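Down below is the structure, laid out as structure tokens.
The values are calculated or read from the model by the stated rules, or taken from the named source; none is laboratory data. This one's a predicted model, so the numbers in the text were calculated from it and none came from an experiment. Quick reminder, even Gly has a Cβ in these numbers, built from the backbone with ideal geometry, and neighbours come from all protein chains shown. Accessible surface is based on the protein model in full, side chains and every heavy atom, while ligands, DNA and RNA are left aside. Shrake-Rupley method; radii C 1.70, N 1.55, O 1.52, S 1.80 Å.
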Amino acid sequence: MKPVMMCDSSMLLYLPDDVFSIVSKSFTPRDICNLSLCCKSLNVLVASEKIWLTQCEVLGIVPHKDLVEWRKGVSCYKALCRFLLKVQPLIGIWVHQNPELGNVVYVMPGFVSVVGCRIIPQELGPLGMEDGPILWASVFEVVADFDGSAMFFLHGREKGIDYIYPGSAKSIDKFCNILLLEVEPEQNKNVSTLLQSKSFVYQSGLELSRKVGRSNSDICRSQIVLGNSEGNVTFSKLAFSDRRKLLEVTTSQVRQKVLDTVIGPLFPRLRDDEENFQKDLVLLRERRLLLSRIYKLGSSEIDYKANSRDVVGITQLELDDDLSRVVPDSLAEEEDGDAQHIKRKGIHRYFWNSLKHILGRSNSINDSHSASKKLTTSGEIRHARLQEFLKLGNTMRLTLNASNVKLSSYRAWPNMHESRFALYKLPLRVPGADQEYAGLWGGAFGWPPGKPSEDKPGKALFFLLLSYEEFQGGQKLLIATKILEGTHYVLHPNGSAMFIAYINEPSSEPFPWNTDADSLPVNIKHAFTGEGIASGYGFRYPGSKPGSLFVFQNGVIAFIWKESGAVLTLQRLNLQDLLKKGERIPSLPPIANFSYLTKSYSNVFAGFPTSSNSLSSPRFALTLT
């Protein structure tokens, strides 16, 4: 009699949990979910906490000890894995062309969250880069709810007051390379009923349509222009001024004043200081619970408010004929001082007036046929697109859209759109045998490296992204792209190559110094010929001059311009550790805090010194000619 062979599923069921959790390391979360659909027994098996803890560890976002702490904030490890899998593409370095000194946002793990932190252009403090606190400002955070869903909060500061701006983070592409701040229309069935319950005075549908409806000719023109297809109109297709105003109005309505509890830490300090680390965890748990309450209160239909918090109504866009009025500055002051007083004044009228101002159409358009003829084709298209966009829903929500788009680049620096409220991801290569020096480096001009001396304090801090390019014939280039410059006034364009080293060409130039900062003999590992940035044909078109790149046994690298003798010394950076030891400073207003689109050549993110680190000053001046 032949022995009965057990099926594969039965064999898995007989494996101990610890063994199966080890086996599951070779599975993806999708594989685990598919396995749970096979039978009830396997469904129970893969629901084990150990299995999903293993999946969280495989993602490699946070270490095991932190996962145990994060688990206390969610329902199970499966929910935690769902969140980590969603936000994993956000982690990394994001940049924008403006301002030219550098706009670097590093997204890192927080506490059951990921946090976007902007590195402020700055000088090295008296303690140097490793021991001195680096200056940073918060940009946004994506926090996990109890079920593992994502809650988005934009950060900003207006009139000396810190605010958070709740929104949605639904769309995060696995291979995203651009972060967009947008407004998303949504359908909310109970909005009209709830708005009426707030004692708002409305006109009848017939009177409303009579008052705000466009002429039939206008409607026909918009349908012809758009092909009568509402679904094709997205936020990105709107005119820049319309997108800006929609963001301004939405952020002004969803903002929540930051309480002392919410001002607390966004992530714990390093575990080296265990006592303070545990104190931070207590504060972070309280802060996260408060954020969850704020988010649910703002987005709940039951708790929907006239002035809205997370969702903004659209149904009454054109109730008022006054097209020139916008939300006055005094509104924010009244809101902070007396919320009940604002309710009596009817905050919704201010809000809808400002949204109607976005439409930008004069009453004279409908007054005469001759006036309508004066409309340009582009103007009609713009207005029709906005109208169709607003028809897609009766509420609006602030949205973080992480997408993958086709971007061209030059020497690892992406070519960016000037009119998008966006951040662009830099491809950060993992160092390997064939790309040993790839990655993020930081340092300053001068030798020896390390702490500034008493006679020369305040060296400008530089961040460079080192990447490789290969050409036909086997030529390999190491390119150092500038992404942050701590000078008072920018010297070289953002994204320019500070130096290029020819990896296949050793340098015979001697190193000018014999000792390092500790008076120890320098030990040179490699030396390569190269070219360093220099004055060229104006700011946008820098030139280059010959130099050499030296690699030392201790991991430090230095590029020396042959003619001037200037030396730029660099070391590898661990931004996560630097930020945990860093010092937080106030953020910009919300939209500019996310994406600063104004062309600038000075430090717009901070204009004052702190007690522990000095910001850039006019004292620094470097000429590489």
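Answer yes if at least one residue in the range 171-184 is open to solvent by less than 10 Å² (accessible area, probe 1.4 Å) and among the polar types (S, T, N, Q), and no otherwise.
no
Would you confirm whether any residue within the range 86-101 is within 23 Å of the chain's Cα centre (by Cα), at positive phi and modelled with pLDDT of 95 or more?
Yes: one or more hits.
Scan the range 155-177 and give yes if some residue there is under 21 Å from L270 (Cβ atoms), among the charged types (D, E, K, R) and more than 14 Å from the chain's Cα centre (by Cα), otherwise no.
No, the range 155-177 contains no residue that is under 21 Å from L270 (Cβ atoms), among the charged types (D, E, K, R) and more than 14 Å from the chain's Cα centre (by Cα).
Which ones in the range 239-286 are assigned to a helix (DSSP H, G or I), under 22 Å from A137 (Cα atoms), touching a residue at least 60 places away in the same chain (Cβ under 8 Å) and open to solvent by 20 Å² or more (accessible area, probe 1.4 Å)?
E248, S252, I263, R285
Right, G110: buried (at least 22 other Cβ atoms within 10 Å of the Cβ) and among the small types (G, A, S) or not?
yes
Yes or no, residue by residue, for (1) farther than 22 Å from E485 by Cβ; (2) at pLDDT below 95:
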| position | (1), (2) |
| --- | --- |
| N504 | yes, yes |
| V551 | yes, no |
| L570 | no, no |
| G582 | no, yes |
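Output the number of residues of the range 469-488 satisfying the condition of being in contact (Cβ under 8 Å) with a residue 24 or more places away in the chain, over 16 Å from R572 (Cα atoms) and surrounded by fewer than 22 Cβ atoms within 10 Å (Cβ to Cβ).
Total satisfying the criteria: 6.
Yes or no: E141 in contact with a Ser or Thr (Cβ under 9 Å, 6 or more places away or on another chain), part of a strand (DSSP E or B), closer than 23 Å to Q256 by Cβ and open to solvent by 10 Å² or more (accessible area, probe 1.4 Å)?
In short, no.
On the basis of being open to solvent by less than 60 Å² (accessible area, probe 1.4 Å) and more than 18 Å from Q571 (Cβ to Cβ), does G442 make the cut?
no
Within the range 386-396, is even one residue farther than 21 Å from F175 by Cβ, of a type in the set (K, R) and crowded, with 16+ Cβ neighbours inside 10 Å?
No, there is no match, as no residue in the range 386-396 is farther than 21 Å from F175 by Cβ, of a type in the set (K, R) and crowded, with 16+ Cβ neighbours inside 10 Å.
Going through the range 144-170 one residue at a time, which ones are open to solvent by 10 Å² or more (accessible area, probe 1.4 Å), over 19 Å from Y596 (Cα atoms) and not in a loop (DSSP other than H, G, I, E, B)?
A150, I161
Residues of the range 573-589 being in contact (Cβ under 8 Å) with a residue 24 or more places away in the chain, out of contact with any Leu (no Cβ under 7 Å at 6 or more places or on another chain) and open to solvent by 60 Å² or more (accessible area, probe 1.4 Å), which ones?
If the condition is that a residue be in contact (Cβ under 8 Å) with a residue 24 or more places away in the chain, out of contact with any Leu (no Cβ under 7 Å at 6 or more places or on another chain) and open to solvent by 60 Å² or more (accessible area, probe 1.4 Å), then R584, P589 are the ones that fit.
I'd like the full set of residues that are charged (D, E, K, R) and out of contact with any Lys or Arg (no Cβ under 8 Å at 6 or more places or on another chain), limited to the range 501-544.
E505, D516, D518, K525, R540
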